[in-house]
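All remarks here apply to the structure that follows.
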Amino acid sequence: MKHVGTKTIETERLVLRRLELTDAEMMFRNWTSDDKVTRYLRWDAHKTIDDTKKMILQWMNNYQDDSTYYWGIYLKNNEMIGSTGITITSECDLKGELGYKIGSHWWNQGYSSEAAGAVIDYMFRNTDIERIGAFSSVENPASSKVMEKIGMHHEGSLRHYYKVGGKFHDCDLYGIIRKEWVQIPRSAESLIPH
């Protein structure tokens, strides 16, 4: 699979860029310590800023590999409000999985779909990825709405697909393939890679 790594992306309201250690304070304040954000994630809300620093250092180390695609989500004033990324799940099959998290203060303002849509555009424009999938707990319909808004299609549901906090979650599965992405109308200004 052709890889280009995590490069800065600019959208109308956001800048998506690599995490830096100097982001730790606002990352901790704005979303990694928020129980509402981590409710459906495989990791608990961070108790200390050191937890967040460890996470950042891990991603910074991963950036050495061009197959790493993980961005912090920043407002134009440089306030970090979340993160998004694509995990490559199969090099052979040219596929990956989308994920995103955003601080609860910024929910229902279109930021998740703006960031996730830009990441999907980036991947289809710059790599030879064929399919991007995603899933969300059936108890988290807001996440499913994000996937639908960015052009992903509901492909089915799986019972007890993943476990969080001792509880199994049924999940809705979504996906988009290259030929569907090509057909989505978008303006040339919707995505400005650097």
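Can you tell me which residues in segment 31-50 are crowded, with 17+ Cβ neighbours inside 10 Å and in a helix (DSSP H, G or I)?
Listed by number, the residues that qualify are Trp31, Thr32, Val37, Thr38.
When segment 105-137 is filtered for residues that are at pLDDT 95 or above, hydroxyl-bearing (Ser, Thr, Tyr) and under 16 Å from the mean Cα position of the chain (by Cα), the ones remaining, listed by number, are Tyr111, Ser112, Ser113, Tyr122.
For first residues located in segment 161-187 and free of Cβ contacts under 8 Å to residues at least 24 places away in the same chain and over 16 Å from Met147 (Cα atoms), partners that are assigned to a strand (DSSP E or B) and open to solvent by less than 30 Å² (accessible area, probe 1.4 Å) and lie 6+ apart or on another chain with Cβ distances below 8 Å form the pairs Lys163/His169; Phe168/Tyr162.
Among the residues of segment 99-129, just one is of a type in the set (Asp, Glu) and more than 25 Å from Met1 (Cβ to Cβ), namely Glu114.
Pick out the one residue from Ile49, Ile86 that is of a type in the set (A, V, I, L, M) and closer than 27 Å to Lys149 by Cβ.
Details: Ile49 fails: closer than 27 Å to Lys149 by Cβ.
It is Ile86.
Open to solvent by 10 Å² or more (accessible area, probe 1.4 Å), in contact (Cβ under 8 Å) with a residue 12 or more places away in the chain and either assigned to a loop (DSSP other than H, G, I, E, B) or farther than 23 Å from Ser144 by Cβ (or both): does that describe Leu19?
No: the conditions fail for Leu19.
When segment 138-169 is examined, which residues are found to be more than 24 Å from Trp181 (Cα to Cα) and either among the aromatic types (Phe, Trp, Tyr) or under 17 Å from the mean Cα position of the chain (by Cα) (or both)? Break it down stepwise before answering.
Step one: list which residues in segment 138-169 are more than 24 Å from Trp181 (Cα to Cα), which gives 138-140, 158-169.
Within segment 138-169, Asn140, Tyr161, Tyr162, Phe168 qualify.
The criterion of at least 2 residues that are hydrophobic (A, V, I, L, M, F, W, C) and surrounded by fewer than 22 Cβ atoms within 10 Å (Cβ to Cβ) is met, among strands (runs of 3 or more DSSP E) falling completely within segment 52-164, by 153-164.
Among the candidates Lys95, Lys36, Lys53, single out the residue that is of a type in the set (Lys, Arg), closer than 20 Å to Ala116 by Cβ and modelled with pLDDT of 95 or more. Give the steps one after another, and end with the answer.
Values: Lys36 fails: modelled with pLDDT of 95 or more; Lys53 fails: closer than 20 Å to Ala116 by Cβ.
After ruling out the rest, the residue left standing is Lys95.
In summary, Ser136 fulfils each of the numbered conditions (1) in contact with a Cys (Cβ under 8 Å, 6 or more places away or on another chain); (2) without any contact (Cβ under 8 Å) to a residue 40 or more places away in the chain with the single exception of condition (2).
The values are calculated or read from the model by the stated rules, or taken from the named source; none is laboratory data. Worth saying up front: this structure is predicted, and the values here are computed from it rather than measured. Neighbour counts run over all protein chains shown; Cβ positions are idealised from the backbone, glycine included. Only protein heavy atoms, including side chains, enter the accessible area calculation; ligands, DNA and RNA are left aside. Shrake-Rupley method; radii C 1.70, N 1.55, O 1.52, S 1.80 Å.
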